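The values are calculated or read from the model by the stated rules, or taken from the named source; none is laboratory data. Everything quoted here is computed from the prediction, not taken from an experiment. No Cβ is skipped: glycine too gets one built from the backbone with ideal geometry, and neighbour counts run over all protein chains shown. Just so you know, the surface numbers come from the protein's heavy atoms only, side chains and all, with ligands and any DNA or RNA stripped out. Shrake-Rupley method; radii C 1.70, N 1.55, O 1.52, S 1.80 Å.
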Amino acid sequence: MSWRPTIFVLAAAFVAVFLEASLGFFRNLLGAQIDVLPALMVYAALTLGFTTIVLLALCGGLWFDSLSLNPLGASVLPLLLIGLLIFQSRDLLMREHLFAQVILGVAAGAAQPLATLFILLNAGVRPLLGWVSFWPWLVMAAGSGVVTPVCFKLLDRLRRALEYQPVTQSSFRPDREIKRGRS
Amino acid sequence: MLKKSHYIILIFVVLLVLVLLQLRGGIMGKLKLAISGLFLPLFGLSNSTHQWLGEAKETLVPRRELLRQIDQLRLDNQQLQLRLAQDTQLWNENSRLRGEVGWQRQTRWRVILARVIARDPANWWRSLEIDRGLRDGLGTNLAVLTADGGLVGRLQNVGQTRSQVIVLGDPNLRVSAVVDGPASGETGIIAANASAAQEEGMVDLDLLSGASNVRPGQSVVTWGAGGVFPPGIPIGKIVDTRSKEYGLSTEARVKLAANLSALQEVWVMLP
């Protein structure tokens, strides 16, 4: 198994968490920050293996929580759950289809904050929550739906550029060679 | 599709998360600062890029404009020097009178400038990170202000070179406040409210008395009860009020003096 795709995904998660913390563009424009980790998890679950899913959930969740007031580890289990659910049924999902990518991105982006809030409330923490929190939730779900196909495109391209490609088989077969003329 | 080894890894991860979720206070703060320390090279890079862009912008400003700005700054400086001299006189007079009445003397604020390097990526918290820490003499619970003296919040976790600030509007930050103005003295608690937080720079002033006579436009400053914030730090102005619990108490919406979404630099009040 090549570790390169796993390293690409983890590096993308690291940069994504940094940008979410340091750039306020979407926060100022839409009133909520978009989270890229669910989109990356959809990519990892449909493309890569179990180890990548666990590493992405663990590292991505801890990086996110370290820059937030979330208790450490609150984002890990929701990401892991999303990754495993998609991983279990990935044979049934059409990875290459844009529509499938968007729907999975929206579902992951909607489920992740809900699951995190469930953990926070059960851990005895009181986040800023009310009926108006519906808007940030919508922004996160829609944002994740938009970001997921972009993640697929960029990371697939990066993989193709940096990985060894399988040698293509020639269609030439000596037993099917057409012999011309009289023998 | 999952193998036996996968289940073992999953159980390990779940147990690790449960242990982490049980951590509280100082240990969790230190662990968070240690993990977020991995981002330091990126924060440094972002800082350098900002500086470089600033310098590049400065080189594009024409000489005439620079000279005009210098003249303006000289003028401002002279006016501020005059005001400082006047304030020093008033300060001395105040200290003398306080001494005569037997009141506790006020201490001057000692502040240190810090740059905002990150904001909370989660939408349900209000916090930010600054580039000052223990090395600069900071400690937990110190007050954080804007350049014009408006309250921003208080320090939550303090590392060697960075600190996490809880900002006004976060559920973890409650500030005792007093409504400023003649014959007011109404006290209450500044608390977060999800509906108020959605509007830019709004918080609730809760637990005012039912017979409160606070009016829109009145200033709200820190009261000083609780010992975290010194009294007299401006918080904001009252926008409107409404009666709560069948008239037993009053709640006011307060527009914050500090524009928290555009903060680039803050001042931390040293002990």
Checklist entry - Where in the stretch A:1-115 are there helices (runs of 4 or more DSSP H), lying wholly inside it, with at least 3 residues that are away from chain B (no Cβ under 13 Å)? => result A:4-22, A:37-47
Item to check | Check on B:GLY232, without any contact (Cβ under 8 Å) to a residue 12 or more places away in the chain and not polar (S, T, N, Q) | outcome: yes
Next on the checklist: Can you find a residue that is in contact with a Leu (Cβ under 7 Å, 6 or more places away or on another chain), closer than 26 Å to B:THR107 by Cβ and at pLDDT 85 or above anywhere in the stretch B:203-219?
Outcome noted: no
Checklist entry - Looking at A:LEU81, A:LEU55, A:LEU98, A:LEU69, which is the one that is open to solvent by 30 Å² or more (accessible area, probe 1.4 Å), among the hydrophobic types (A, V, I, L, M, F, W, C) and more than 13 Å from the chain's Cα centre (by Cα)? => result A:LEU98
Next on the checklist: Please go through the stretch B:242-271 and give me each residue that is in a strand (DSSP E or B) and open to solvent by 60 Å² or more (accessible area, probe 1.4 Å), ordered by number.
Outcome noted: B:ARG242, B:SER243, B:ARG253, B:LYS255, B:GLU265, B:TRP267
Checklist entry - Between residues in the stretch B:21-36 that are more than 9 Å from chain A (Cβ to nearest Cβ) and residues that are polar (S, T, N, Q), which pairs lie under 6 Å by C-beta distance while being six or more apart or on different chains? => result B:GLY29/B:ASN157
Checklist entry - Listed residues B:LEU113, B:LEU97; which is touching a residue at least 24 places away in the same chain (Cβ under 8 Å) and open to solvent by less than 100 Å² (accessible area, probe 1.4 Å)? => result B:LEU113
Next on the checklist: For the stretch B:20-35, which positions are surrounded by fewer than 18 Cβ atoms within 10 Å (Cβ to Cβ) and in a helix (DSSP H, G or I)?
Outcome noted: B:GLN22, B:GLY25, B:GLY26, B:ILE27, B:LYS30, B:ALA34, B:ILE35
Next on the checklist: Could you go through the stretch A:117-127 and let me know if any residue there is among the aliphatic types (A, V, I, L, M), part of a helix (DSSP H, G or I), touching a helix residue (DSSP H, G or I) at 6+ places or on another chain (Cβ under 7 Å) and away from chain B (no Cβ under 14 Å).
Outcome noted: no
Checklist entry - In the stretch A:142-159, what count of residues is obtained for those that are within 14 Å of chain B (Cβ to nearest Cβ) and over 17 Å from A:VAL17 (Cα atoms)? => result 1
Next on the checklist: Out of B:ARG126, B:ARG83, B:ARG96, B:ARG108, I need the residue that is touching an Asp or Glu at 6+ places or on another chain (Cβ under 6 Å) and among the charged types (D, E, K, R). Which one?
Outcome noted: B:ARG126
Next on the checklist: I'm trying to understand the selection: among the residues of the stretch B:8-51, which are within 17 Å of A:LEU56 (Cα to Cα) and not hydrophobic (A, V, I, L, M, F, W, C)?
Outcome noted: B:SER36
